[in-house]
Amino acid sequence: MKRIYPALILVFLLISPCALQGQDDVDITGRWEGSIYLREMDLQIIIDFELDATGEYKGEVDIPQQGAEDLPVTNIRVDGRIVTSDLPNVPGDAKFAGVISGDGDTLSGEFTQGGEVFKYLLIREDPEEAARRQALIQENLQKIRTFCDSMLAVWEPPGFAVGVVYDGEVVFLEGFGYRNLEDSLPVTPRTLYAIGSTTKAFTTMAMGILADEDLLDWNEKVINYLPDFRLKDEYATLHMTPIDLVTHISGMPRHDLLWYNSPFSREEIFNRMQYLEFNEELRAAFQYNNLMFMTAGFLVGQLTRSTWEEFVEENILLPLEMLNTNFSVTVSWQSDDYALPYKYEGDSVVLTEFRNLDNVGPAGSINSSIEDMVNWLRLHLNKGEFNGRRLISEIELERMHTPHVIAGAMSPGQYKENSFAAYGLGWAVQYYRGNRRVWHNGGIDGFYTHLNLYPDDDLGIITFVNLPGNRVIDVVSYYIADLFMGLEPVDWNTRLKGIDTGQDEEKEDEEPEKEEPVKNTRPSHKLEEYAGQFENPGYGTFAVEYKDKELFASFNNMQSRLEHWHYDVFRASDDVWEDTKINFLTNIKGDIDRISVPLEPAIDNIIFTKKPDAHLYDPNFLSMLAGNYDIDGTICTVELRGENTLFVTVSGQPPYELEPYKGTEFNLKGLSGFSVEFELDDEWEKVKGLRFIQPNGVFEAKRVESED
């Protein structure tokens, strides 16, 4: 027995004892399944009756929703078709009283506990049908095991894990291959994988729980909950709702390189979103967007005065007994059973780096095992209840599984078995071979997840693999669905392997069209003049370094050598940059002052503006520049105000603020084409003079040494 819940209760039908007694006693041996009809819900129960060696009945009852198993049923009495019994381990003097139907297959009556009465109805399981069903399940499980072994050989991933929930029970939990190829460590049901975007449904469930508690209205304006919420599109800022955040219709393209491997915290990303370009209007198109899900999780934290992580752990993970699940790869590393991430490098499979997703956690940072994730499946298949505890209302759970927007980009239209795909709240929704399918996948460096629910078939499938781009778990997931739904399996292996083969053959048979640089060109500046720190208010800093007579780029802690492509365009050679080309731009003075980088394909290139040299903000350097300068008898004064702002004043004119530009040059704020350049000695220890650079000429001034 796992648990006893004092709220356990059942039913009464009016019975005429005289009419039912005196008949031959009915045989009640076997399994009986049905429900107790409570006020708030239907409570599923399963009772097994059998005869002991003395010819007396004994029984046990399971209550799956409450996690109760094998509770003893005692004082079982059969008088004709009347059946009564007690539950001694349930408080409140719990008793059954019911009557067997004329055909002997139905038992209905009442259950009393603590003075309350509730109806129940049980149906006897046909022993032969039960045996056939169990044999079929076992046959399916053996087929799955054999199939997975064969697919391991065909697809050659490092390893993968499979969990299956069917008819309310966990029926399959197994790992195949290795979580660590180098040390030959096997995949187990407890092996931790990064689950990627299947995290999103945890975020929407958190929001649904808040909606149950009247802390969140799906159709309220986000800005009313988060006063600092700002987007570049004003209409979207003022009208975005929580449901817009989690259905990918914000109007903003992905902008994934704002968060991917970024040094920014979640709150910093939230504040930088106001500088990101839109390419659609709010609710005009489906565009997958991780930043909006991050915002949804940020909203959960703000509404609960905690964090997304704390709320999800307390209200979802702990009640589901998902004790091995965490929110950061840094926690996974402390486990003794976690999968390593791999990637394809040509025809080889090699280790890759873990990707930390803490800053965008609500969109994809959870790490879990199939042992934990099957409880997540059970919660959804059981309409928001787990072991007798309701975590979320049926209304809110159904909202998650209901289509809200057509997701054309996610529709595998080339296969007749799949209908168009829609998007619910953190879930894709479609039909597979006529069966409703609620699903999501998740991919991040080194890992791929495929999660499928077939609610009408009481079937859930969770699969992990530590090699993205390897389709083995797609093939396995479809195969399992076909088996348990009694369908002739589609040969997804040949189909999906054929796609890979076809692509490879096409690459071999046809010379791919390559982008070629313009020949016989060269950079317009010395290489060292391309170096610098380039800034964008949304994306942050893009650094270009001149080292060993070469240029190197660095963005979000990702580095690459830059190769000259043509003119002032350079190509990033490292694989992670995927052939990114950086265009260096010049201003009217001929100086390189910006770069144009294709970081978001749905919009124009992102522009980064060159930052002035750091020494131009150094108070010690600036104080050295302060003083008097003589222009043909006219004195001009340079003074330092505050810690790092210079002003220049020419006799008879107002003071002008000097804005750092480059080297020793400052622009006059508000005056286009006017600047001041200081002349220093070779050691940069002494100021010799300055030059006023203006549209009408250059005017030199000598430093006037102060008299001590």
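The values are calculated or read from the model by the stated rules, or taken from the named source; none is laboratory data. As the structure is a computational prediction, the values presented were derived from the model and not from experiment. Cβ: placed from backbone, ideal geometry, glycine included. Neighbour counts: every protein chain shown.
Some notes on this structure:
- Of the residues making up segment 41-71, those that are assigned to a loop (DSSP other than H, G, I, E, B) and closer than 22 Å to Asn375 by Cβ are Met41, Gly67.
- Positions within segment 227-259 being within 27 Å of Pro598 (Cα to Cα) and free of Cβ contacts under 8 Å to residues at least 12 places away in the same chain, in sequence order: Glu234
- Filtering segment 43-66 to residues that are of a type in the set (Asp, Glu) and either surrounded by 14 or more Cβ atoms within 10 Å (Cβ to Cβ) or at positive phi (or both) leaves Asp48, Glu60, Asp62.
- Looking across Arg145, Arg179, Arg132, Arg190, one residue alone is part of a strand (DSSP E or B) and basic (Lys, Arg). It is Arg179.
- Any hit, segment 366-389, residues being in a helix (DSSP H, G or I), assigned by TED's automatic domain parsing to the domain that holds Phe298, of a type in the set (Gly, Ala, Ser) and in contact (Cβ under 8 Å) with a residue 24 or more places away in the chain: no
Matching residues to (1) in contact (Cβ under 8 Å) with a residue 12 or more places away in the chain; (2) aliphatic (A, V, I, L, M); (3) surrounded by 14 or more Cβ atoms within 10 Å (Cβ to Cβ):
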| residue | (1), (2), (3) |
| --- | --- |
| Leu616 | yes, yes, yes |
| Phe621 | no, no, yes |
| Thr634 | yes, no, no |
| Thr637 | yes, no, yes |
| Arg641 | no, no, no |
| Thr649 | yes, no, yes |
| Gln653 | no, no, no |
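- Only one of Pro263, Pro253, Pro189 that is in contact with a helix residue (DSSP H, G or I) (Cβ under 6 Å, 6 or more places away or on another chain) and at pLDDT 95 or above: Pro189
- Test for Arg305: is it in contact with a strand residue (DSSP E or B) (Cβ under 9 Å, 6 or more places away or on another chain) and not acidic (Asp, Glu): no
- Selection of segment 57-89 for residues being β-branched (Val, Ile, Thr) and either within 42 Å of the chain's Cα centre (by Cα) or not assigned by TED's automatic domain parsing to the domain that holds Tyr37 (or both) yields Val61, Ile63.
- Any hit, segment 56-68, residues being among the aliphatic types (A, V, I, L, M) and more than 25 Å from Glu385 (Cβ to Cβ): no
- Verdict on Ser560 being farther than 15 Å from Ile606 by Cα and either surrounded by fewer than 16 Cβ atoms within 10 Å (Cβ to Cβ) or among the charged types (D, E, K, R) (or both): no
- The set of residues in segment 476-491 that are closer than 19 Å to Gly163 by Cα and either acidic (Asp, Glu) or assigned to a helix (DSSP H, G or I) (or both) comprises Val476, Ser477, Tyr478, Tyr479, Ile480, Ala481, Asp482, Leu483, Phe484.
- Some residue of segment 217-240 being among the hydroxyl-bearing types (Ser, Thr, Tyr) and surrounded by 20 or more Cβ atoms within 10 Å (Cβ to Cβ): no
- Going through (1) part of a helix (DSSP H, G or I); (2) at pLDDT 95 or above one by one, His525 falls short only on (1).
- Residue check, Glu515 under 26 Å from Gln274 (Cβ atoms), under 37 Å from the mean Cα position of the chain (by Cα) and assigned to a loop (DSSP other than H, G, I, E, B): no
- Evaluation of Glu545 against the conditions (1) over 26 Å from Lys232 (Cα atoms); (2) out of contact with any Leu (no Cβ under 8 Å at 6 or more places or on another chain) shows that the sole unmet condition is (2).
- Screening the candidates Glu679, Glu665 for the property of being in contact (Cβ under 8 Å) with a residue 12 or more places away in the chain, within 16 Å of Met624 (Cβ to Cβ) and out of contact with any Phe, Trp or Tyr (no Cβ under 9 Å at 6 or more places or on another chain) yields one hit, Glu679.
- Screening segment 261-275 for residues that are crowded, with 20+ Cβ neighbours inside 10 Å and either touching a strand residue (DSSP E or B) at 6+ places or on another chain (Cβ under 9 Å) or acidic (Asp, Glu) (or both) and picking the one that is farthest from Gln559 (Cα to Cα) gives Arg272.
- Boolean, Asn271 is polar (S, T, N, Q) and more than 19 Å from the chain's Cα centre (by Cα): yes
- Filter result (in a strand (DSSP E or B), of a type in the set (A, V, I, L, M, F, W, C) and either surrounded by fewer than 19 Cβ atoms within 10 Å (Cβ to Cβ) or in contact with a helix residue (DSSP H, G or I) (Cβ under 8 Å, 6 or more places away or on another chain) (or both)) within segment 673-686: Phe678, Leu680
- Which numbered condition Phe286 misses (of (1) touching a helix residue (DSSP H, G or I) at 6+ places or on another chain (Cβ under 7 Å); (2) under 24 Å from Ala543 (Cβ atoms)): (2)
- Among residues of segment 545-559 that are among the charged types (D, E, K, R), those with a beta-carbon under 6 Å from a residue that is at pLDDT 95 or above and surrounded by 14 or more Cβ atoms within 10 Å (Cβ to Cβ) at least six positions away or on a different chain give the pairs Glu545/Ala531; Glu545/Phe552.
- When Gly652, Gly689, Gly670 are checked against the criterion of being touching a Phe, Trp or Tyr at 6+ places or on another chain (Cβ under 8 Å) and either in the same structural domain as Ala531 (by TED's automatic domain parsing) or not in a strand (DSSP E or B) (or both), a single residue qualifies: Gly670.
- Selection within segment 53-95 - in contact with a strand residue (DSSP E or B) (Cβ under 8 Å, 6 or more places away or on another chain), β-branched (Val, Ile, Thr) and more than 30 Å from Ile392 (Cα to Cα): Val73, Thr74, Ile76, Val78, Ile82, Val83, Thr84
- Residue ID - surrounded by the fewest Cβ atoms within 10 Å (Cβ to Cβ), chosen from residues in segment 148-173 that are out of contact with any helix residue (DSSP H, G or I) (no Cβ under 7 Å at 6 or more places or on another chain) and part of a strand (DSSP E or B): Glu169
- Checking each residue in segment 117-142 for being in contact (Cβ under 8 Å) with a residue 24 or more places away in the chain and under 19 Å from Gly34 (Cβ atoms) picks out Val117, Phe118, Lys119, Tyr120, Leu121, Leu122, Ile123, Arg124, Glu125, Pro127, Ala130.
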